[in-house]
1. FRET efficiency for residue 85 and residue 35, Cβ-Cβ distance as r, R0 = 25 Å, nearest 0.05?
2. If I model region 4-109 as equal point scatterers sitting on the Cα atoms and use the Debye formula, what is log10 I(q)/I(0) at q = 0.15 Å⁻¹?
3. At 7 Å along the Cα-to-beta-carbon direction for both residue 100 and residue 78, put a label point, then send me their distance in nm to one decimal.
C-alpha cells in the first residue's frame, strides 16, 4: 500500500504556504521539522502538533533562536495536567490555520 504525508510551514497571518515537504506515510513527522523552518521567516514562533516534539527538535529550535510552541504530550497512562491542556488549547487556536490549509487540499482532491 502506498501513502504519503504533507508537511508545511505557513505564514500565520495570511495562511500562505512558505515551505513544503512530503514523506512516506510510515516516516516519523518530527524528522521533517528542520526542512520546514526558515531563517527568512521573520516570526520566531514555531507551532506544531505533538508528532514534532522531541529533544532533537527542541535543541534545533533553541540553536536557531526559535520559540517552541509545539504541543506537549501526555505521559503514558496518565491524564494531561490541566495547565498543559490549557496551553495546548491556546496553541491549537494558532495551529488551526495550518489545518485549514490541509482541509483545502483535501477538499480539492475529493
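Computed from the coordinates by the stated procedures, all read-outs in this text should not be read as laboratory data. Bear in mind the structure is a predicted one, so any value in this text is a computation, not a measurement. Reconstructed Cβ throughout: ideal geometry from the backbone, glycine too, with neighbour counts over all protein chains shown.
1. 0.25
2. So the normalised log intensities work out to -0.67.
3. My value for the distance between the label points is 3.6 nm.
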